[in-house]
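To start, the structure itself, in C-alpha cells.
The values are calculated or read from the model by the stated rules, or taken from the named source; none is laboratory data. Owing to the predicted nature of the structure, the values given are computational and were not obtained by experimental measurement. FYI the Cβ positions are ideal-geometry reconstructions off the backbone, even for glycines, and counts take in every protein chain you see.
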Amino acid sequence: MVIADQMLVKKINQKVLLNEIVSNSPISRASLSEKTGLNKSTVSSQISTLIEKNLIFEIGQGQSSGGRKPVMLLFNKNAGFSIGIDVGVDDLNGILSDLKGNIVLEDHQKLDNPNVETIKNQLCSMINSFINQMPDSPYGLIGIGLGVPGLVNNEHQITLAPNLNWYKDIDLKKVLEQEFQVPVFIENEANAGAHGEKEFGAAKDYQNLVFVSVGTGIGTGIIINNELYRGDIGFAGEMGHLTIDLNGPKCRCGNRGCWELYASEKAMLNSQPSQLPKKSKQEIINLANQNDPEILSALQNFGYYLGVGLVNVLNTFNPQAVVVRNDIIEALPIVLNSLRNSISSRINDQLGSSYELLLSSLGKNATAMGASSLVIEHFLENVST
C-alpha cells in the first residue's frame with residue numbers, strides 16, 4: 001500500500017509540473033519549485049522523467065537573479081500531433097495541430113452527400129491525408145476529435161443529428177478507433193466550439209460563457225466555472241430548440257416554433273423571395289455591402305430573431321460573455337447591431353450591462369480547434385502516468 005501511495009504521489013507531482021511547464025515555459029527548475037511548492041529534489045527527479053519521455057527539453061540558460069544562471073525548460077509542443085474535424089452539414093473542416101493547439105495543416109472539403117457512409121469515407125480520407133503529411137514526432141498522432149451538429153452522449157456516440165438526416169445511434173468513435181488505432185473523441189459541434197474559444201479564442205479571459213454557433217441550425221456550448229457543461233447524459237446546450245413561437249412551424253426535432261427555424265443561417269437564406277434565385281452567403285455579403293434593400297431587410301430580421309432567443313439564454317445563464325460564430329455576422333456589422341438592439345429592447349438594464357457580446361475570433365476553425373484541444377487534454381492527462 002505504501003508503494004502504491006508513493007507511485008500515486010509521483011504521478012500527481014509529475015502532472016502538476018507538466019501543467020505548469022505547458023502554461024509557463026520557458027521556466028526554470030527553481031521557479032517550478034517556487035510555483036508548485038514541491039521541494040527541489042522532487043522537481044529535479046520528475047523533470048528528468050519528463051525529459052526522458054520527450055515532453056520537455058532544456059534550452060539553455062536564463063537570466064540570473066544573483067547566483068548561477070538557471071537552465072530553462074520548454075514544453076515540447078511537437079512531441080505529438082492531434083486532428084480536429086468539424087463535421088458540418090455541407091462540408092468538413094479539419095486541422096492538424098501541435099500540442100499547444102497551433103495549426104500545422106488545414107483541409108476543407110465539400111460533402112458530396114451528408115449520409116453516414118459518405119461522411120465516414122471522407123473523414124477517413126481527410127485523416128489519412130493529415131497522417132501522411134504529419135511531421136515526425138515521438139508520439140505521432142495522439143488522437144482524433146470530431147465536432148458534430150447533433151446530440152452526442154457521454155460515451156461519444158451520436159444519437160441524433162437531424163440536420164444531417166441521422167436519426168439513429170451512430171458509433172463513429174468505434175469505427176475510427178478501429179481504423180486508426182488512436183483515441184477518438186466526439187462532441188457536439190457547439191460544445192467543441194465553446195471549448196475552442198475558451199482555450200484559444202475570444203473567451204480566454206471568461207470563466208462563464210455561452211458560445212452560439214449559427215449555421216443550418218443553432219447550437220450553444222456552455223462553459224460554467226471554466227468547465228464545459230454537458231448535462232446529465234451529454235445533451236445540454238440544445239437551445240436552438242427553444243420555443244419562441246407556440247404556434248410556429250414544426251421542427252425536425254419534433255417541437256414547434258424552435259428558435260433555429262427563425263434565426264438560423266438556413267432560415268435567413270430561405271427568407272429570400274421564392275421567385276428569385278437563392279443567393280449564396282458570399283453573394284448576400286456583397287449585396288449588403290452595396291446596400292441592397294431586400295438583403296438589408298432580411299439581415300435585420302436575422303439579427304432580430306437571434307436577439308429574441310439570446311434574451312432567453314442571458315436570462316437562463318447570466319454569463320460573463322456570449323460568443324457568436326457565423327460567417328455573415330462576422331462580415332456584416334449591420335447584423336450584430338440588429339442583434340444588440342433586439343436584446344437591449346427586451347432585457348433588464350442590470351443584466352444587459354453585465355455581459356460582453358463577442359464575435360468568434362477563431363471563425364470557421366473554432367469547432368475543429370476545440371475538438372483537437374479535447375484530444376490534447378486527454379493525452380497530457382495520461383502521458384505522465
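Of note:
- Test: residue in segment 343-355 that is assigned to a helix (DSSP H, G or I), among the small types (Gly, Ala, Ser) and under 11 Å from the mean Cα position of the chain (by Cα): no
- Helices (runs of 4 or more DSSP H) completely within segment 225-325 that count 2 or more residues being touching a residue at least 12 places away in the same chain (Cβ under 8 Å) and under 21 Å from the mean Cα position of the chain (by Cα): 293-317
- Pick from segment 284-301, criterion loosely packed, with under 14 Cβ neighbours inside 10 Å and not polar (S, T, N, Q), ranking: nearest to Ala263 (Cα to Cα): Glu294
- When residues in segment 332-357 are screened for being aliphatic (A, V, I, L, M) and either farther than 28 Å from Ile295 by Cβ or assigned by TED's automatic domain parsing to the domain that holds Leu18 (or both), 1 of them pass.
- Output for segment 95-123, where each listed residue is in contact (Cβ under 8 Å) with a residue 24 or more places away in the chain and closer than 30 Å to Lys53 by Cβ: Ile95, Leu96, Ser97, Leu99, Lys100, Gly101, Asn102, Ile103, Val104, Leu105, Glu106
Quick grid of which residues meet (1) exposed (fewer than 15 other Cβ atoms within 10 Å of the Cβ); (2) of a type outside the set (Lys, Arg):
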{"residue": "Gly217", "(1), (2)": "no, yes"}
{"residue": "Ile223", "(1), (2)": "no, yes"}
{"residue": "Glu227", "(1), (2)": "yes, yes"}
{"residue": "Asp232", "(1), (2)": "yes, yes"}
{"residue": "Tyr262", "(1), (2)": "no, yes"}
{"residue": "Lys278", "(1), (2)": "yes, no"}
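- Test result for Ser360, surrounded by 22 or more Cβ atoms within 10 Å (Cβ to Cβ) and out of contact with any Leu (no Cβ under 8 Å at 6 or more places or on another chain): yes
- Strands (runs of 3 or more DSSP E) lying entirely in segment 83-187 (those with 2 or more residues that are crowded, with 16+ Cβ neighbours inside 10 Å and more than 19 Å from the chain's Cα centre (by Cα)): 158-160
- Test result for Ile158, β-branched (Val, Ile, Thr), more than 23 Å from Gly217 (Cα to Cα), in contact (Cβ under 8 Å) with a residue 24 or more places away in the chain and not assigned by TED's automatic domain parsing to the domain that holds Lys250: no
- Restricting the first member to segment 57-80 and to residues that are over 18 Å from Phe379 (Cβ atoms), and the second to residues that are at pLDDT below 70 and crowded, with 16+ Cβ neighbours inside 10 Å, the beta-carbon pairs closer than 6 Å and six or more apart or on different chains are Pro70/Gly62; Met72/Gly62.
- Pairs with Cβ under 7 Å, 6+ apart, first in segment 196-207 and closer than 15 Å to Ser23 by Cβ and touching a residue at least 24 places away in the same chain (Cβ under 8 Å), second assigned to a loop (DSSP other than H, G, I, E, B) and aliphatic (A, V, I, L, M): Phe200/Leu362
- Qualifying residue in segment 153-162 (condition: touching a strand residue (DSSP E or B) at 6+ places or on another chain (Cβ under 7 Å) and closer than 16 Å to Asn226 by Cα): no
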